[in-house]
Structures are given as C-alpha cells and as structure tokens.
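**Q** Once you've had a glance at the structure underneath, I'll fire off some questions.
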Amino acid sequence: MIAKPKGTYDILPNESEKWAKLEETVRKICKLYNYKEIRTPIFESANVFHRDANDTSDMVTKETYDFKDRSDRLITLRPEGTAGCVRAYIENKLYVDNNQTKLFYMGPMFRYERPQKGRNRQFSQFGVEALGSDSPLIDVEVISLGASLIRALGLKDVKVKINSLGDEESRNNYRDVLIKHFSSHTDELCEDCKMRLKKNPLRILDCKVDRDKDFFKSAPKINDYLNDYSKKRFETVLKALDSLELKYEVDDNLVRGLDYYCHTVFELEVNVPEFGAQNVIGAGGRYDKLVSDLGGPKTPGVGMAFGMERLLLANELMGKELVRNTGIHAYFIALGDKAREEIVKLMNICRIGGLSCEMDYSGGSLKSQFKKADNNLARFTLILGDNELNEFKINIKDNSNDVQETIGLFDVYPYIVNKLKQESLGACASCNKKE
Ligand code: HAM
C-alpha cells in the first residue's frame, strides 16, 4: 500500500460537505466586504518568496518546498498566499484605475513543518489582501471581516491579539535598542536567535525557545519606540476597533513570523484547551513595502489569512455542526432486471426535476437495499417488482412516518414534490408566516 506523504491528509466524502460549507460561508462574508476572488498558481518562481537574503522567517528559510523544473527554473510551492497575490497584482497591473484593490483566496499552501494536530505540510488558507490604501481604517476592516467569519461559524472564545511594529524609522530605533539589550545576553540566546540578532532582532521576540528567560521578559517594548506618526496610527486602529465593539488585547511581544510586516500586526487565537499548541486560527498585518520589493509601484497593503483546517477543528471542538447531514430525496429498490431498467428512467425524470436519487445498480437482497436507503438518509424509499411493473404501479414508503402506499408509476415525481411542498407550507403555517 502506498501511503500519503507525511503531513498531508485526505478529505473523505463524509467530511467534504463541511469544507464546502466553510467555503460558502467565506464567500458570503467576502461579498459583504466586497473582496473579490483571485486564484493564483500553487507554484511560483522561487524569488516570489525568497526575496531577501536577510529574511529570518522560518517559513522562508527552512520550510519551503523548492525544486528545479525540467528547464532548471527554481520553483517554490507556495507557503502562503500574500506574495503570490502581490505578484499577480503587479503582473496584471490591477492597480491601474484602482486605488483600492480587495482580493480574497482559498487554497492549499505547503510548508515543511513538523506535523502535529492543527499543523500540516499541506494545509489550506483563506486569505484577504487589501492593496492600495494606507488608511488605518482598512486594517480594521480586515480584522472586522475576520471577526465576522468567526461569528458566522459560531466560534467562541477567540482572542484578537494586536500590536504595532511602527514605520521604518520606529523599527530602526527599536532595532538599535534591541541589539544593545540582547547583545549582552548572546551566550544565552538559542542558535536561531543568534542569527536573528544579526539579521532581524525583532524576530527574537517571536522565539518559542527563549520566551521564558528573564532577559527576554525585560527586553524593551516596541510601543516605547514608536514615533508620533506610528503611535497615532495605532491609536486610530484601536479606537476604530473599540467603535465596532471588537475586543482585542495589545500584545507587546507580537511581531509575527514573516518579515514583511509594518504597523498593525494581529493574531486570532482560540482558547479551547483541547486545541493544543496550534491555537492561532488566523493572523495578518500591514505590509507597505512588499509590492515595491516585488518590483511593483510603491503600494501599501494589509491582509490576513486563516488556517481552514484550524477553523474546522475549532468548530468541531466547540460542538458546532457546520452542516446538518442531509440525505437524498428518494432511494429506489429494484426487484429484477426489468424493474432496474425502469428505475433508471424514473430517476432520470426525478433528477431533471431537482430531486436527488440513488439506487444500487448491482442489486443485492431487499434487506441490504433497505439498509442502504437508511444509510443514505433517504426521505422516500421506492420498491419496484415485476408485478407492480406490469400494473404500472410502484410502492413508496415515506421514511418520516413509515407510511407505505402504492402509486402510479408515472406519478412518482409529482407525488414526492407535492409531499415536500405540503410539508414546507405546513412549516410556514405553524410559524404563522405567509408563504
Ligand atoms: P501565517 O501566520 O503564516 O500568515 O499563516 C496564517 C494562518 O495559516 C495561521 O494562523 C494558521 O492558522 C494557518 N497555518 C499556518 N501554517 C500552518 C500549517 N502548517 N498547518 C495548518 N495551518 C497553518 C500568513 O500566511 C500570511 N500570508 C497572512 C497574511 C495575509 N498577512 C497579510 N496578508
């Protein structure tokens, strides 16, 4: 048996409806906020992601799937959606005639990480990117869109952690004091942080290894080094979040794992114990230099991405049912070859009219076929034998009340439709609403 690669998984038929429902919910929310879908390639030229030799993010330095294609081009399987969106934005000149371009995407991403619950090597992200506006209010729109999705999925106990990395001047000031602070603890730093100290000291704050050490806790805080512009900008973001009654927690140590961020950065965390260590369901921030770094015109951007597996896991752990298991309308049981041929025609008529139908083409015992009707949660089970066929009749059982009747062979479609219609009228009558 050939097994799937480590860190990947199959979405089996009994799970795919949940995915479809999640995707449908995402699309509805994006429509409300007027974000338009973009679909970019799953692989890109390696330099879309490997842009800067000084990049310190684990994702770029350790986790990408890189390979040469047959023409010796260096290719990378996308580890995230932002850089590919920005590449497409530039290449297709989406900025022409548009001072604000709002995009969303869903699809697989690839990172060579150590697999565990909620962390895979192939996983799916839903992300949004708003390009062209540097207004702090659009940062808030992105967070608010994330909050709307969480609400629509019925998720509770989601914490929004937020911080500001300020503009370049603020980060440079902060960088200097951080270097000074951590340089006096070089021996105590983990190997990764020793490298970060040289390339991007801010990323030390993201370290899971050094996090609990005293010198880490006493490190200077970015908020004390934001210049007036950055401070004001951050205050505007927080004020707008307050005005939307979106709860958040300012986290001084939040710097995010990717190197392209400036100003607003945020993470959405689920606080359910069973979730385990990978409890960040979504994250994002502002990236005002990424478009120009990728060769485009100077354009600000902000966005976020959710791990779709983590959204579904959170949903499951909170006991929410994303989809109610709905069955089919009609399951047909044929007793004999002639009946089977007739049922093929009957199912065709029903399906054209919008009724979902199923039969077992290879037959089997009556008992096993009734069982299959049950397994398919069929609303009606129809049984056709030679005798009924000769009289142009068929037996139909309503599985909601176990009432069985014999009806005309050509009445199957109107019979089922009428029953379903009466039922929906009945439901409306009982809640006093007019049809
Ligand atoms: P990220 O924090 O690297 O940000 O990933 C966003 C989300 O993807 C995470 O919060 C997590 O839910 C999910 N995720 C990441 N890695 C894995 C994994 N190995 N297995 C399962 N889920 C995972 C970004 O990717 C940025 N592009 C977000 C962004 C968009 N920033 C601005 N625009």
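**Q** Can you tell me the mean projection area, over all orientations, of the convex hull of segment 330-427's alpha carbons? Units nm², please.
**A** Mean projected area of the Cα convex hull: 5.9 nm².
**Q** How big is the Kirkwood radius of segment 1-83, worked out from every pair of different alpha carbons and given in Å to one decimal?
**A** By the Kirkwood definition, the hydrodynamic radius is 16.0 Å.
**Q** If you don't mind, there's one more thing I want to ask. Sequence neighbours fewer than 8 away in the same chain don't count; with that in mind, list the lysines whose C-alpha is under 16 Å from Lys31.
**A** Lys21, Lys102
**Q** Which entries in the list Lys4/Lys93; Lys156/Lys421; Lys198/Lys298 go over 32 Å, if you measure between the two C-alpha atoms of each?
**A** Cα-Cα > 32 Å for Lys4/Lys93; Lys156/Lys421; rest within.
**Q** Hey, another quick one. Full extension from Lys298 to Glu37: what is 0.36 nm times the residue separation minus their Cα-Cα distance, to one decimal in nm?
**A** Computed gain between Lys298 and Glu37 is 91.7 nm.
**Q** In addition: Please report the accessible area of Phe370 (heavy atoms, 1.4 Å probe, ligands and nucleic acids excluded) in Å², nearest 10.
**A** Accessible surface of Phe370 is approximately 60 Å².
**Q** Quick one: if you stick a label point 7 Å off each Cα along the C-beta vector at Val96 and Asp187, how many nm between them?
**A** Each label point lies 7 Å from its Cα, and together they span 6.2 nm.
**Q** Along the charge dipole of the chain, which of Phe49, Leu366, Tyr33 sits closest to the positive end, that is, farthest toward it, with unit charges on the beta carbon of Lys, Arg, Asp and Glu (+1, +1, -1, -1)?
**A** Phe49
**Q** Using the beta-carbon distance between Leu377 and Asp134 and R0 = 45 Å, what value does 1/(1 + (r/R0)^6) give for FRET efficiency, to the nearest 0.05?
**A** It comes out at approximately 0.30.
**Q** Still on this structure: List residues of segment 134-164, by number, whose backbone nitrogen lies under 12 Å from a label position 7 Å along Cα→C-beta of Asn223.
**A** 162-164
**Q** With all protein chains present, calculate the accessible area of Thr40 using a 1.4 Å probe and round the result to the nearest 10 Å².
**A** It works out to around 30 Å².
**Q** Explain nothing, just the number: dipole magnitude of segment 296-388 about its Cα centre with +1 on each Lys and Arg Cβ and -1 on each Asp and Glu Cβ, in debye rounded to the nearest 20.
**A** Once rounded to the nearest 20, the dipole reads 420 debye.
**Q** Quick one: of Lys338/Lys367; Lys117/Lys371; Lys345/Lys367; Lys117/Lys161; Lys208/Lys247, which pairs are farther than 28 Å apart, Cα to Cα?
**A** Lys117/Lys371
**Q** Here's a follow-up. Could you state the per residue volume, in Å³, of the convex hull enclosing the Cα atoms of the chain?
**A** Per residue, the Cα convex hull of the chain comes to 218 Å³.
**Q** Charges on Cβ only, +1 for Lys and Arg, -1 for Asp and Glu, centred on the Cα centroid of the chain; of Gly385, Ala88, Asn163, which one is farthest towards the dipole's positive end?
**A** Sorting the options by dipole projection puts first Ala88.
**Q** Moving on to the next point. Which number comes out as Rg/Rh for segment 161-220 once both Rg and the Kirkwood Rh are worked out on C-alpha atoms?
**A** 0.94
The values are calculated or read from the model by the stated rules, or taken from the named source; none is laboratory data. Every value quoted in this text rests on a predicted model; they were computed, and no experiment measured them. Cβ coordinates were reconstructed from backbone atoms using ideal geometry, including for glycine residues, and neighbour counts include every protein chain displayed. Accessible surface areas use protein heavy atoms only, side chains included; no ligands, DNA or RNA. Shrake-Rupley method; radii C 1.70, N 1.55, O 1.52, S 1.80 Å.
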